[in-house]
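*Asks:* Below is one structure. I have some questions about it.
The values are calculated or read from the model by the stated rules, or taken from the named source; none is laboratory data. Quick caveat: nothing in here was measured; it's all calculated off a predicted structure. Here Cβ is always computed from backbone atoms with ideal geometry, including for glycine, and neighbour counts include all displayed protein chains.
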Number of protein chains: 2
Amino acid sequence: MFKETRLRSIIKTISWRILATLTTFLIVLIFTKKLYLALAVGGVEVVAKTVIYFFHERIWNKIHFGKVQLKPFVLWFTGLPSSGKSTLADFVAERLKKIGLKVERLDGDKVRQIFPQTGFSREERNAHIRRIGYLCSILEKNGICPLASFVSPYREARDFVRNITSNFIEVYVATPLEVCERRDIKGLYKKARSGEINQFTGVNDPYEAPLNPNITINTEKTSVEESARIVLNYLRNNKYLK
Amino acid sequence: MFKETRLRSIIKTISWRILATLTTFLIVLIFTKKLYLALAVGGVEVVAKTVIYFFHERIWNKIHFGKVQLKPFVLWFTGLPSSGKSTLADFVAERLKKIGLKVERLDGDKVRQIFPQTGFSREERNAHIRRIGYLCSILEKNGICPLASFVSPYREARDFVRNITSNFIEVYVATPLEVCERRDIKGLYKKARSGEINQFTGVNDPYEAPLNPNITINTEKTSVEESARIVLNYLRNNKYLK
C-alpha cells in the first residue's frame with residue numbers, strides 16, 4: 001500500500017513553484033515591461049501559492065477519484081514436464097512487472113522443494129493443486145496476479161482452481177511429448193522410462209489436456225518471445241492490460 | 001496496484017488553476033490597481049500554466065520518491081479452541097483496514113472447510129500450518145498483512161512459519177483451558193470429553209504454549225477492545241504502524 005509522504009508533497013511543491021513563478025514573472029514583465037513590478041508580483045506569488053499548492057496536494061491525496069486498479073487475473077500454465085511452462089511464465093512475469101503489474105511466480109518445482117512430502121498420487125497431486133489454487137485466489141483478491149506453472153495433469157484440480165478464482169486464464173503449453181522427452185532438462189523422462197521413477201506424467205501417469213484452454217502454445221513452433229507476445233496480446237484483448 | 005488516470009490529472013489541473021489564477025489576479029490587482037492588466041495577466045497565465053501544470057503532474061506520477069510502503073507483518077494468533085483467537089483477529093483486522101493497511105484474514109475453521117481432508121494427526125496439523133505459513137510469507141512479501149488464527153498447537157510448525165516469514169508476530173491467546181471449555185462455542189469440548197472426538201487440542205491432544213510470544217492475551221481478563229489495543233500498541237511501538 002502506497003502513501004505519499006509529506007516530504008514528497010513539499011519537494012513537488014517547490015519544483016512546481018520554481019516553474020510557475022518563472023512563468024508569472026515573464027508574463028508580467030512582457031505585459032508591463034517593468035522589471036521591479038514583475039519581481040514584486042513573483043515574490044508575493046511565491047509565498048502565497050506555495051502555501052496554497054501544498055494544501056491542494058494534501059487534499060487531493062485524500063481523494064480517490066481517478067486512481068484505477070487494474071483487474072487482477074490468474075495465469076495458469078499447464079503442460080507436460082519439460083514442455084517449457086516455467087521458462088514462458090518467467091518471461092511473461094518479467095514483462096508484466098515492467099508494465100507495473102504486481103505479479104507472483106509460483107512454480108511446481110520450487111513449491112515441492114519447500115514441501116518435499118507432497119506426493120504424486122492422483123489424490124495428492126489434486127490436493128496440492130487445490131492448495132495452490134487457494135493461494136492464487138487470495139493473491140488475486142489482493143490485486144496480485146499469480147503466474148503459476150504446474151504440470152497439474154488432472155482436469156478436476158484445474159477446474160477447482162478455475163472455480164475459486166475470478167479470472168482464471170488457462171495457458172496450455174502443448175509441446176508434444178516427444179519434444180519434451182528429447183529436451184528432458186532434468187533427466188526425469190529417462191528415469192521414468194527405465195522404471196526408476198513411477199507416476200511420471202506423460203510416461204507412466206496420464207496428462208489430461210485442457211478441453212477449452214484460453215491460450216494454447218506449442219513451444220516447438222514458437223519461440224519464448226513469440227509465446228509471451230501471444231499471452232500479452234490475450235491479456236490486452238481481454239482488458240486485463242491497458 | 002494503483003495508477004493515476006489522465007482524467008484525474010486533468011481535473012486536478014483545473015481545480016488548481018482556478019485557485020492559482022485567482023491568486024495571481026488579486027496580486028497584480030493589488031500591486032497595480034489596474035483591473036485590465038490583472039485580467040490580462042491572469043488570462044495568459046491560465047493557458048500557459050495549465051499546460052505546464054499538467055505535464056508537471058504526469059512527470060511526478062513517474063517519480064517514486066516519497067511514496068512510502070509500510071513494513072508488512074504476519075500476525076499469528078495461536079491458542080486453545082474457543083480461546084478467542086478469531087474474534088480478536090477479526091477485530092484487529094477491521095482496525096487495521098480502517099487505518100488503510102492491506103490485510104488478509106486466514107482462519108483455521110474456514111480453511112478447513114475448503115480443505116475438508118486436512119487431518120488432525122501431529123504430522124497433518126504441522127503440514128497444514130506450514131502451508132498456511134507459506135501463504136503468509138507470499139502475502140507478506142507482497143505488502144499484504146495476514147492475520148492468521150489457528151490453534152497451531154505445535155511449536156515446530158509455528159517456528160517453521162516464523163522462519164519463512166520476515167516479520168512474524170506471535171500472539172498467544174492464553175485464555176485458560178477451563179474458561180475455553182466453559183465457553184465451548186462449537187460444543188467440541190463436550191464431544192471431546194465424551195470421547196466422540198479424538199485428537200482435540202487441550203483435551204486429548206497437547207497444546208505447546210509459545211515460549212517467547214510477542215504478545216500474550218488472556219481474554220478472560222481483557223475485553224476484545226482492550227486486547228486489540230494491546231496488539232495495535234505493539235505494532236505501533238515496533239514501527240509497523242505510524
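*Asks:* What number of residues within the stretch A:165-206 are farther than 15 Å from A:Ser149 by Cα and part of a loop (DSSP other than H, G, I, E, B)?
*Replies:* Going through the stretch A:165-206 one residue at a time, the tally reaches 19.
*Asks:* Quick check: anything in the stretch A:90-104 farther than 21 Å from A:Leu235 by Cα and at the interface with chain B (Cβ under 10 Å from one of its Cβ atoms)? Break it down stepwise before answering.
*Replies:* Of the residues in the stretch A:90-104, the ones farther than 21 Å from A:Leu235 by Cα are none.
No; the residues of the stretch A:90-104 include none that is farther than 21 Å from A:Leu235 by Cα and at the interface with chain B (Cβ under 10 Å from one of its Cβ atoms).
*Asks:* Can you find, within the stretch B:53-65, the residue that is farthest from B:Thr21 (Cα to Cα) among those that are surrounded by fewer than 17 Cβ atoms within 10 Å (Cβ to Cβ) and in contact with a Ser or Thr (Cβ under 8 Å, 6 or more places away or on another chain)?
*Replies:* B:Asn61
*Asks:* Take the stretch A:8-31 and flag every residue that is under 13 Å from B:Ile27 (Cβ atoms) and either of a type in the set (Ser, Thr, Tyr) or more than 10 Å from every other protein chain (Cβ to nearest Cβ) (or both).
*Replies:* A:Thr21, A:Thr24, A:Phe25
*Asks:* Using the structure shown, decide if A:Val161 is more than 10 Å from chain B (Cβ to nearest Cβ), of a type outside the set (S, T, N, Q) and within 23 Å of the chain's Cα centre (by Cα).
*Replies:* Criteria met by A:Val161.
*Asks:* So for the stretch B:119-130 (the condition being facing chain A (nearest Cβ under 9 Å), of a type in the set (Lys, Arg) and more than 19 Å from B:Phe160 (Cβ to Cβ)), does at least one residue qualify? Walk me through it before giving the result.
*Replies:* To start, the set of residues in the stretch B:119-130 that are facing chain A (nearest Cβ under 9 Å) comprises B:123, B:127, B:130.
Then keep just the ones that are of a type in the set (Lys, Arg); that gives B:130.
With the extra rule that they be more than 19 Å from B:Phe160 (Cβ to Cβ), the set shrinks to none.
No: the stretch B:119-130 contains no residue that is facing chain A (nearest Cβ under 9 Å), of a type in the set (Lys, Arg) and more than 19 Å from B:Phe160 (Cβ to Cβ).
*Asks:* What do you reckon, is B:Trp60 of a type in the set (Phe, Trp, Tyr) and at pLDDT 90 or above?
*Replies:* Details: of a type in the set (Phe, Trp, Tyr): yes; at pLDDT 90 or above: no.
When the stated conditions are applied, B:Trp60 does not pass them.
*Asks:* Considering only the stretch A:42-52, how many residues are loosely packed, with under 14 Cβ neighbours inside 10 Å and β-branched (Val, Ile, Thr)?
*Replies:* First, pick out the residues of the stretch A:42-52 that are loosely packed, with under 14 Cβ neighbours inside 10 Å: A:43, A:47, A:51.
Narrowing further to those that are β-branched (Val, Ile, Thr): A:47, A:51.
Result for the stretch A:42-52: 2.
*Asks:* Also, I was wondering about something else. Of the conditions (1) among the charged types (D, E, K, R); (2) within 11 Å of chain A (Cβ to nearest Cβ); (3) at positive phi, B:Asp184 satisfies every one except a single condition; which number is it?
*Replies:* For B:Asp184, the failing item is (2).
*Asks:* Could I ask something else about it? Within the stretch A:145-163, count every residue that is surrounded by 22 or more Cβ atoms within 10 Å (Cβ to Cβ) and either part of a loop (DSSP other than H, G, I, E, B) or out of contact with any helix residue (DSSP H, G or I) (no Cβ under 9 Å at 6 or more places or on another chain) (or both). Please lay out each step first, then the result.
*Replies:* Narrowing the stretch A:145-163 to residues surrounded by 22 or more Cβ atoms within 10 Å (Cβ to Cβ): A:145-153, A:157-158, A:161.
Pick out the ones that are also either part of a loop (DSSP other than H, G, I, E, B) or out of contact with any helix residue (DSSP H, G or I) (no Cβ under 9 Å at 6 or more places or on another chain) (or both) and you get A:150-153.
So the answer is 4.
*Asks:* Answer yes if at least one residue in the stretch B:190-199 is touching a residue at least 24 places away in the same chain (Cβ under 8 Å) and buried (at least 17 other Cβ atoms within 10 Å of the Cβ), and no otherwise.
*Replies:* Of the stretch B:190-199, the ones touching a residue at least 24 places away in the same chain (Cβ under 8 Å) are B:198-199.
Filter again for buried (at least 17 other Cβ atoms within 10 Å of the Cβ), leaving none.
No, the stretch B:190-199 contains no residue that is touching a residue at least 24 places away in the same chain (Cβ under 8 Å) and buried (at least 17 other Cβ atoms within 10 Å of the Cβ).
*Asks:* Out of A:Pro116, A:Pro81, I need the residue that is surrounded by fewer than 19 Cβ atoms within 10 Å (Cβ to Cβ), more than 10 Å from every other protein chain (Cβ to nearest Cβ) and more than 25 Å from B:Gly66 (Cβ to Cβ). Which one?
*Replies:* Details: A:Pro81 fails: surrounded by fewer than 19 Cβ atoms within 10 Å (Cβ to Cβ).
Among A:Pro116, A:Pro81, only A:Pro116 is surrounded by fewer than 19 Cβ atoms within 10 Å (Cβ to Cβ), more than 10 Å from every other protein chain (Cβ to nearest Cβ) and more than 25 Å from B:Gly66 (Cβ to Cβ).
*Asks:* Name the single residue that is farthest from B:Ile217 (Cα to Cα) among those in the stretch B:63-78 being out of contact with any Leu (no Cβ under 9 Å at 6 or more places or on another chain) and at pLDDT 85 or above.
*Replies:* The residue in question is B:Lys71.
Results for (1) at negative phi; (2) of a type in the set (A, V, I, L, M, F, W, C); (3) without any contact (Cβ under 8 Å) to a residue 12 or more places away in the chain, shown as yes or no for each residue.
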{"residue": "B:Gly79", "(1), (2), (3)": "no, no, no"}
{"residue": "B:Lys85", "(1), (2), (3)": "yes, no, no"}
{"residue": "B:Ala89", "(1), (2), (3)": "yes, yes, no"}
{"residue": "B:Asp109", "(1), (2), (3)": "yes, no, no"}
{"residue": "B:Gly119", "(1), (2), (3)": "yes, no, yes"}
{"residue": "B:Leu147", "(1), (2), (3)": "yes, yes, no"}
{"residue": "B:Phe150", "(1), (2), (3)": "yes, yes, no"}
{"residue": "B:Arg158", "(1), (2), (3)": "yes, no, no"}
{"residue": "B:Asn163", "(1), (2), (3)": "yes, no, yes"}
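*Asks:* Within the stretch A:1-96, considering only strands (runs of 3 or more DSSP E) that don't extend past its boundaries, which have at least 2 residues that are closer than 30 Å to A:Ser227 by Cβ and under 33 Å from the mean Cα position of the chain (by Cα)?
*Replies:* Output list reads A:67-69, A:74-78.
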